[in-house]
Structure formats: C-alpha cells, structure tokens
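Have a look at the structure below, then the notes.
Where a number appears in this text, it was derived from the coordinates with a stated rule and is not lab data. Source: prediction; values computed, not measured. Cβ placement follows ideal geometry from the backbone for every residue including glycine, while neighbour counts extend to all protein chains displayed.
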Amino acid sequence: MAAEIEAVFHKVYVERKDCDTLRFLCWPNGDLNKEPREYCMVKHLFGVTSSPACANFCLKKTASIYQSEFDPVTVQTVKKNMYVGDLMKTVSSPEIVMRLSSQLRELLAKGGFRLTKWLSNDRKARTGEQFIAKLPEDRITPHKPPFTCVGVDFFGPIEVKWGRSRVKRYGCIFTCLSVCAIHIKVANTLNTDSMINALRRFICLRGCPEIRRNCETNLTKADKELKEAITEWNQPKINGFCPQRGIQWIFNPPRASHMRGAWDRMIRSVHQILKALFKEQVVCDEVLNTVLTEATNILNSGPLTRNNDDVN
C-alpha cells in the first residue's frame with residue numbers, strides 16, 4: 001500500500017517567534033512598477049535543506065502525541081514507513097490494508113495532515129466498501145415551496161458592450177436544492193455590494209431563502225453586511241418583503257466540492273446555452289439579460305425525471 005500527504009510542508013506552521021526569519025519581499029499582483037511589500041511566512045518553506053527533516057519530525061511527533069488512541073501498528077507505520085509525505089508499507093491481506101488505511105487517515109488528521117492518492121496492487125483493497133450518505137433534509141423536504149433552500153454561486157465573466165468599450169458582467173445563479181430550478185441575476189462586479197444587490201432582487205421575487213454557499217471572502221463579508229442590512233429592512237412598511245427572522249446562511253466546509261454539485265451542474269448547462277446562442281458575439285446588457293432569462297426558462301422547463309423511451 002502507498003499514499004501521499006497533500007501539501008505536507010504547508011501543513012507545518014512556524015512558531016510566531018521564528019516568523020521574522022522568514023520575511024521576504026514581493027510585488028503586489030506581480031506589478032514590478034509598484035513598491036515591493038514585506039511579507040512573512042507562517043508555514044514551513046518548501047525546497048530548503050531543512051524541509052524534509054522538519055516534516056518528518058512533525059509526523060513522528062503527531063504519532064507520539066496520539067499513540068495512546070491508536071494501535072501500535074498504526075503508530076509504528078507513521079514512524080517507520082513514512083518519509084516526508086510519502087507512505088509505503090507491505091501487509092499480508094486486503095483486510096489489513098483497509099483497517100490500517102482508515103487508522104492512518106484518522107491519526108494524521110489529528111495533526112492537520114490529509115492522506116491522498118492511495119495505491120495498492122490488490123483490487124480488493126482498492127475497492128473496499130463504499131457507503132452512500134443520506135441526502136440532506138433540504139433536498140428531500142416535499143412540503144416547502146421552491147427556492148426555500150437555495151445554493152448560490154457566480155459564473156462568468158461575460159463581456160458586454162458599454163458605449164465604445166467592453167466591460168465584464170457576471171451571472172449570479174440561485175439553484176433550488178429541492179427541484180433544481182434556477183433563477184439568474186446579473187451582477188456588474190464580484191464585490192460584496194453587487195452580491196447583496198443581486199440577492200435583494202432575488203428576495204423581491206422569490207422570498208427570503210436559506211442559502212448554502214462556499215466559504216469565500218466576499219461571501220463571508222456579505223454575510224455580516226446582510227445581517228446589518230436586514231436589521232435596517234425591518235420596518236413596518238416593508239415587513240411583507242423580508243421576514244423578521246432574516247436569511248440563514250450555511251457555508252459548506254472546506255474541501256467539500258461535492259456539496260455544491262447541484263448548482264455547479266446548472267452553471268455548466270447555462271454555459272452550454274450561452275455558447276450556442278452567443279458563439280463569438282459581444283452583446284449589450286439588454287441582450288445579455290434577455291438571453292439569461294431565456295436560459296432560465298429552458299432549464300426550468302426540463303422534465304423532473306428521466307423521460308420514458310418505451311414506445312408502448
């Protein structure tokens with residue numbers, strides 16, 4: 001069996017007192033015309049002479065700290081069968097491979113390391129037993145109206161004509177997690193204000209949803225600003241527009257790209273429609289809004305289940 005730790009050197013943090021020895025200069029955004037800025041590394045360097053020794057020390061230290069929670073074979077595998085980020089070990093049966101790989105993943109995860117790229121010369125060990133998790137409640141709740149629980153994401157940029165120049169526009173897609181219907185709004189930029197404006201337009205038509213989103217900087221900031229904005233919205237004359245409870249944001253955990261598959265797949269379908277209609281053309285804002293509305297209609301008009309091809 002063999003495996004590899006993902007980005008092993010960048011999983012090792014440098015003590016705060018030693019960070020000053022790892023200062024360096026870098027030009028902002030690679031622009032050599034600007035003054036270089038001073039930065040400081042907080043994680044271990046990759047490629048220096050001391051890198052392998054530091055990584056090995058951290059792996060063995062992790063095994064020593066948590067050795068009381070795991071069997072001796074797992075602990076000794078980390079200490080004796082790993083060099084830097086590479087694991088290689090010979091065992092006698094596929095059952096041992098499956099048990100040991102599970103224990104190794106759990107042990108190294110306690111130290112912040114992630115084992116990936118597993119290899120084995122035994123097909124049974126490579127296959128294992130796959131478990132399918134239950135669908136989340138917001139995907140199978142039948143009594144809620146559409147767009148109660150949505151996933152939101154941006155796509156683009158899309159160039160449009162603006163006078164004699166060209167500017168970029170972005171699509172903000174809201175995907176219903178229950179029936180996979182979509183709602184697209186155009187955002188002029190990717191900053192927080194533009195995202196909030198797109199969301200407010202969506203709320204006017206669909207109501208205040210529960211939103212799932214990847215944990216990114218602009219959306220994390222938007223979460224805070226949206227809460228402040230919702231507080232200001234709670235006035236008697238607009239109480240019908242925004243419920244008193246506000247909007248619930250749920251951020252997906254790190255490395256969970258599979259949790260946004262519902263709206264990522266819809267973005268791909270929108271791209272296919274835009275490519276078929278636009279080809280190489282550059283259109284104006286009015287045409288872009290029209291085509292995105294037509295793309296929304298095409299996708300929302302599709303069947304909910306597979307069509308029956310039985311002629312009888």
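With a Förster radius of 35 Å applied to the C-beta separation of ASP71 and ILE140, the computed FRET efficiency comes to 0.35. Highest average first, the peptides 95-107, 271-283 ordered by how many other beta carbon atoms sit within 10 Å of their residues are 95-107, 271-283.
Quick one: which of LYS43/LYS117; LYS89/LYS110; LYS117/LYS144; LYS17/LYS89; LYS80/LYS124 span more than 30 angstrom between C-alpha atoms?
Numbers: LYS43/LYS117 23 Å; LYS89/LYS110 21 Å; LYS117/LYS144 41 Å; LYS17/LYS89 37 Å; LYS80/LYS124 25 Å.
Table pairs above 30 Å Cα-Cα are LYS117/LYS144; LYS17/LYS89.
Highest mean packing first, where packing is the average number of other Cβ atoms within 10 Å per residue, the peptides 51-58, 167-174 line up as 167-174, 51-58. Relative to the 2.2 N^0.38 Å rule of thumb, the stretch 2-119 has a C-alpha radius of gyration ratio of 1.32.
For the peptides 19-32, 194-207, residues were scored by their other Cβ atoms within 10 Å and the scores averaged per peptide; the highest-first order is 194-207, 19-32.
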